[in-house]
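Chemist: Take a look at this one; I'll ask things after.
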Amino acid sequence: MSRESTLLAGRQAAEEAFTDVASFKRLTGRTAVDPVTLREEPVYVHLFTTKCKIRIGAVGTLVPVAAELDEGGREITTLRSVMHLPMNAPPLLPNDIAEMGGHGADPQISGRAYRVVAPIVQTYATARRFSVEEVLS
């Protein structure tokens, strides 16, 4: 078996585990007034929707990493995870947002949102991997 065919088989096997669905969006730099809350909110553009998988824990560890950040004058807690996408997924940038749909193996993932921190690249990858943070509070 050639390296290329082995890699293709690995990518197909990886995608079989992608039971979640995520829709990705990016900040436009504009704001608009929310008609319900009457607050100024950031405007996003839809990028794409694809199957995916979430693995809890930072790269190289299965231990979740929590951090407190100051965002817009409030403290939030985040959890670092790794998101796996098919190799043919379009590129993502830091701060892009993944909104999880309700089709996965774990129904508790549905409705959660993850912010892209950085891409994780490696030679002979079987999936596009991204370090992501989930806003918990």
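Chemist: Using the structure shown, decide if Ala9 is assigned to a helix (DSSP H, G or I) and at pLDDT 85 or above. Steps first, please.
Modeler: Working: assigned to a helix (DSSP H, G or I): yes; at pLDDT 85 or above: yes.
For Ala9, the condition - assigned to a helix (DSSP H, G or I) and at pLDDT 85 or above - is met.
Chemist: Restricting to segment 12-57, what's the tally of residues that are within 23 Å of Pro86 (Cα to Cα) and not in a strand (DSSP E or B)?
Modeler: 9
Chemist: Mind checking whether some residue in segment 91-106 is modelled with pLDDT under 90, part of a strand (DSSP E or B) and either open to solvent by less than 70 Å² (accessible area, probe 1.4 Å) or not acidic (Asp, Glu) (or both)?
Modeler: We begin by selecting, within segment 91-106, every residue modelled with pLDDT under 90; these are 102-106.
Narrowing the set further to residues that are part of a strand (DSSP E or B) leaves none.
No, because not a single residue in segment 91-106 is modelled with pLDDT under 90, part of a strand (DSSP E or B) and either open to solvent by less than 70 Å² (accessible area, probe 1.4 Å) or not acidic (Asp, Glu) (or both).
Chemist: Follow-up question, since we're still on this one. Restricting the search to segment 107-133, which residues are assigned to a loop (DSSP other than H, G, I, E, B) and of a type in the set (Val, Ile, Thr)?
Modeler: At the first step, the residues of segment 107-133 found to be assigned to a loop (DSSP other than H, G, I, E, B) are 110-112, 121-127.
Val121, Thr123, Thr126 - these are the residues of segment 107-133 that are assigned to a loop (DSSP other than H, G, I, E, B) and of a type in the set (Val, Ile, Thr).
Chemist: Quick one: in segment 107-137, of everything that is polar (S, T, N, Q) and open to solvent by 50 Å² or more (accessible area, probe 1.4 Å), which residue is modelled with the lowest pLDDT? Please lay out each step first, then the result.
Modeler: Taking segment 107-137 as the starting set, the residues that turn out to be polar (S, T, N, Q) are 108, 110, 122-123, 126, 131, 137.
Those still in the list that are open to solvent by 50 Å² or more (accessible area, probe 1.4 Å) too: 108, 110, 122-123, 137.
Numbers: Gln108: 87, Ser110: 90, Gln122: 90, Thr123: 92, Ser137: 58.
Residue satisfying both the conditions and the ranking: Ser137.
Chemist: Quick check on this structure: which one of Val36, Val45, Val21 is hydrophobic (A, V, I, L, M, F, W, C) and open to solvent by 90 Å² or more (accessible area, probe 1.4 Å)? I'd like the intermediate steps shown before the answer.
Modeler: On the way: Val45 fails: open to solvent by 90 Å² or more (accessible area, probe 1.4 Å); Val21 fails: open to solvent by 90 Å² or more (accessible area, probe 1.4 Å).
Step by step, each of Val36, Val45, Val21 is checked, and only Val36 is hydrophobic (A, V, I, L, M, F, W, C) and open to solvent by 90 Å² or more (accessible area, probe 1.4 Å).
The values are calculated or read from the model by the stated rules, or taken from the named source; none is laboratory data. Note that this is a predicted model, so its numbers are computed, not measured. What goes into the accessible areas is simple: the full protein's heavy atoms, side chains included, and nothing from ligands, DNA or RNA. Shrake-Rupley method; radii C 1.70, N 1.55, O 1.52, S 1.80 Å.
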